[in-house]
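S.K.: Below is one structure. I have some questions about it.
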Amino acid sequence: MTELARQNRPNLRDDYQSIVYSQPEVFAEIVRSDSASLPPGTNTAVFLNGNLLIIEKGHGVYIEWQPIERTARTSLSENDTNADDWVIEGSPPKDGTEVQNVSSFSFNADIKDLRSYTYNDPVTKKGVAWVRFYCKDGTASETFHMKGGGYRDFVTQLQRYTTLSRSAKERNLVMFVDECTEALEKSVGMLNLNKDFVSRFLSNPYATSLTALGKVTNLITPLLDPDSNTDHQLQAMVNLDPVVEDETLRSHTDNIGFEHIFELQLPERPVIEHGDTPVDEAVWHSFRDEAGRITDVHSLKSLIFRGGIDPALRKTIWKYMLGYYKWDLTDEENKAARKKHHENYFRMKLQWMSMTPDQEARFGLFRDYKALIEKDVTRTDRTHPYFTRKELKNLILLKDVLNTYMMYNFDLGYVQGMSDFLSPLLVIMEDEVDTFWCFVGLMDRVHRNFELSQAAIKQQLQDLKNLLEIVNPKLTNYLESHDSIHMYFCFRWILVAFKREFGFDDIMHLWEVLWTDIPCKGFLLLCCVAILDGQMNMIIENKFGLTEILKHINNLSMKINLHEMLRNAEAIYHQLAAVQDKLPRHIAEVLSFTIDEDEATTVQ
Amino acid sequence: MEAGTSDSPVFKVVLLGEGAVGKSSILLRYIENKFNNKHLSTTQASFATRKLTVNGKTVELNIWDTAGQEKYHSLGPIYYRGSQGAMLIYDITDTRSFERIKNWVRELQEVLKGTATLLVVGNKVDLDATRQIQRETAEEYAKSVGALYAECSAKENIDIDALFETITKAMMAKASEVSTLNRGASLRRSTSRRTIQVSDDTDTEAAPKKKCC
């Protein structure tokens, strides 16, 4: 997530720094250097006053503690501080011991290098909260006593940059969950490794740890490496040497793990009134200047977000929404560009059409993609009147556009699911070339879903999980304890943007809404959250397990009320917006809450 | 579809194979005795259950249908893990789909280590005129990897039930073999399998349709 944060702020200079949290009166508990020579029973700890800071820097987020005084106190309580002031540097204290330079006690760590912290947050007002950090290399910080308070704020701020999990086994221990660990847990969860491993461990701890632990390191690397290919990952999975599941042992693992700390309290879900009238001819014309330019794109998109587009106007407006026509060009200019696009399309179409069988015989990948397209064309929306048996020419159009897109983006080629995105465009445009260029625009939005690594899908599933965790922790916990936290049952929702879940009319409306990017780019995920949130009781009351959840979710297809989903998704967005400053950074990014801030920092 | 009951043993069977070889069609034919010319490509795994009686014993099959295209291959392990049986389906008119079977077999053998019964299935025998893979070739291959072999047509409903009977018999034989070797372990496993079988399709279907969000 810090990685993401950085990607979004590419212009930050290395010397950029911004203090996002500063707490005075944080005392480091240090051991007197002369402790060995002190009489038995003397308190060897002294307390050095300083500031605890969280600092955003160009290359990471740091936790720092800086001393501000050279005098250490022997006690934190007010009464005896003055009596027992103890000088660290300069004039030596009365007992004449050597003391170290105060700055050597300062603490400074990139949060990526932190493994965990222990803390104490007394319920009574009298006590003083303290934290102590543990780095990944095993070193620990001093214990910092937060005499001036501010522990909760500290944690809130910290959670914007990292995920914190309280250990369920060790009281007062909080883990920094970094991306690698999370990725590992995810992969492990996906493979059920933990269950196998733990169950084997329980039955034969010694042998298992000798063999399996050794293997784990071998398999982590390829699973985590986004660049490693499927074969490597597969090999890694194969190496797991899984044993047959044993249900009786499974329960042992259910309660092991971490619970997330500080449930974020969301405000009550607002009631959203939707159902504005679709953007029609009159509205559309009111947005166009005399030459056909659209000046107030955002207002127009807001109307589309609220009410969609009149079916008769989709043919026109979709061209703009998908970037084929430019909002700020005149009709004449767009027309001229269209002509160029026309030539360009037929140039690419000719490339595959003119391929001789002889050439094809030596062009394996091309052949494979072509075969895949052939197979999928015959099973894309065949129940829609536009693609029935009688309308073979439309199937041919579908095939031609997909083949041409393959030439346009050969690196991506063709992947199952792409034809789902194409068919509504063809139905609306009824023109091969227009359809193609709209498809190009649509694929620009979603092509990462079809990459071999599946990294984009996995990221979205992860984001979905993170969102759900805040919106509905109860359901999240349930999914976690039922092998379903990988959210694979939402794979299809995300892969083809709900195409298989709604009928044709609904999907067109939903896509228009999504293309507005209002209120945020992650609105699709909020739609997922809205549906899952509504299914919570179904899932939990029925005690669904992994297979039942998958089946239940699959069965929702064509039964989801689109407008209800949209209203709920928007309502959830407003709930989250209300607490946006408390949201973890990675979630704020999914919901585009960080855009203004980022723009501001880039300007600096 | 029938509801899961508590006293019949449950077997998990996964359908694997290249895209468009007929995995979903075989399942649809078996479960609902239908064939859909207009069906959609499968982008997300799904499963169905059906009870059948073999040698006087009633068992329940949990059948998993998967997405075939290679790009979704990495999702395979999620679905085939814990299976007692796998059908490796290819299209007899498509050489490539037969070659793809071999990758699956290799992977399953390594991962499931012989715990699962493998059945190689040549689908679309109604298109025998354009057959590319001879029955003998495929049978020989299946034999060489210790798998069973069968051919069928989901479209013409040829030998679909037989497929599931064949694999079920073999799975039952394997299960009793295991239980003779290790009665305790097998008993425990089958008991726990029964307890996770809580889905009742009729109930799921009857869920309020309007209430989604």
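The values are calculated or read from the model by the stated rules, or taken from the named source; none is laboratory data. The shown structure was predicted, so the numbers you read here are calculated from the model rather than taken from an experiment. Please note: Cβ atoms are built from the backbone with ideal geometry, for glycine as well, and neighbour counts cover all protein chains shown. These area figures cover heavy atoms from the full protein model, side chains too; ligands, DNA and RNA do not enter into them. Shrake-Rupley method; radii C 1.70, N 1.55, O 1.52, S 1.80 Å.
S.K.: Residue A:458 fails exactly one of the following numbered conditions: (1) more than 14 Å from chain B (Cβ to nearest Cβ); (2) touching a His at 6+ places or on another chain (Cβ under 9 Å); (3) charged (D, E, K, R). What is the number of that condition?
M.R.: (1)
S.K.: Are there any pairs with C-beta distances below 6 angstrom linking a residue in the range B:55-81 that is over 18 Å from residue A:546 (Cβ atoms) and open to solvent by less than 10 Å² (accessible area, probe 1.4 Å) to a residue that is hydroxyl-bearing (Ser, Thr, Tyr) and not in a helix (DSSP H, G or I), with the two at least 6 apart or on different chains, and if so which?
M.R.: B:59/B:8
S.K.: I would also like to ask the following. Going through A:369, A:325 one at a time, which residue ends up being open to solvent by less than 50 Å² (accessible area, probe 1.4 Å), within 37 Å of the chain's Cα centre (by Cα) and within 18 Å of residue A:398 (Cβ to Cβ)?
M.R.: Values: A:325 fails: within 18 Å of residue A:398 (Cβ to Cβ).
Within the list A:369, A:325, the selection yields A:369.
S.K.: Let me ask something else about it. Kindly provide the set of residues from the range B:3-46 that are away from chain A (no Cβ under 14 Å) and on the phi > 0 side of the Ramachandran plot, ordered by number.
M.R.: B:33
S.K.: Mind counting the residues in the range A:419-461 that are open to solvent by 20 Å² or more (accessible area, probe 1.4 Å), part of a helix (DSSP H, G or I) and farther than 23 Å from residue A:348 by Cα?
M.R.: Total satisfying the criteria: 4.
S.K.: Further, regarding this structure: Looking only at the range A:514-570, which residues are more than 7 Å from chain B (Cβ to nearest Cβ) and surrounded by fewer than 17 Cβ atoms within 10 Å (Cβ to Cβ)?
M.R.: Listed by number, the residues that qualify are A:517, A:521, A:536, A:537, A:540, A:541, A:557, A:558, A:563.
S.K.: So which residues in the range A:50-78 are more than 25 Å from residue A:116 (Cβ to Cβ), in a strand (DSSP E or B) and either in contact with a Pro (Cβ under 7 Å, 6 or more places away or on another chain) or open to solvent by 30 Å² or more (accessible area, probe 1.4 Å) (or both)?
M.R.: First pass over the range A:50-78, keeping only residues more than 25 Å from residue A:116 (Cβ to Cβ): A:58, A:68-75, A:77-78.
With in a strand (DSSP E or B) added as a condition, the list becomes A:68-73.
A:68, A:69, A:70, A:71, A:73, listed by residue number.
S.K.: Just checking, does the range A:340-363 include any residue being in contact (Cβ under 8 Å) with a residue 60 or more places away in the chain, open to solvent by less than 50 Å² (accessible area, probe 1.4 Å) and within 14 Å of chain B (Cβ to nearest Cβ)?
M.R.: Checked the range A:340-363: no residue is in contact (Cβ under 8 Å) with a residue 60 or more places away in the chain, open to solvent by less than 50 Å² (accessible area, probe 1.4 Å) and within 14 Å of chain B (Cβ to nearest Cβ).
S.K.: Could you grab the pairs with beta carbons closer than 8 Å, sequence gap of 6+ or different chains, first residue in the range A:497-511 and touching a residue at least 12 places away in the same chain (Cβ under 8 Å), second one open to solvent by 10 Å² or more (accessible area, probe 1.4 Å) and acidic (Asp, Glu)?
M.R.: Cβ pairs passing all conditions: A:504/A:381.
S.K.: I've got another one for you. Scan the range B:47-60 and tell me whether some residue there is part of a strand (DSSP E or B), at the interface with another protein chain (Cβ under 7 Å from one of its Cβ atoms) and touching a helix residue (DSSP H, G or I) at 6+ places or on another chain (Cβ under 7 Å). So that I can check it myself, show each step before the final result.
M.R.: So in the range B:47-60, the residues part of a strand (DSSP E or B) come out as B:47-54, B:57-60.
With the extra rule that they be at the interface with another protein chain (Cβ under 7 Å from one of its Cβ atoms), the set shrinks to B:47.
Cutting the leftovers down to touching a helix residue (DSSP H, G or I) at 6+ places or on another chain (Cβ under 7 Å) gives us B:47.
Yes - at least one qualifying residue is present in the range B:47-60.
S.K.: Write out, first by first residue and then by second, each pair whose Cβ atoms fall under 9 Å of each other, whose residues are 6+ apart or on separate chains, and whose first residue, in the range A:573-585, is in the same structural domain as residue A:470 (by TED's automatic domain parsing) while the second is among the hydroxyl-bearing types (Ser, Thr, Tyr) and open to solvent by less than 20 Å² (accessible area, probe 1.4 Å).
M.R.: A:580/A:594; A:584/A:161; A:584/A:162; A:585/A:2; A:585/A:161; A:585/A:162; A:585/A:594
S.K.: In the range B:108-134, which residues are surrounded by fewer than 19 Cβ atoms within 10 Å (Cβ to Cβ) and under 28 Å from residue B:9 (Cα atoms)?
M.R.: B:109, B:110, B:113, B:114, B:115
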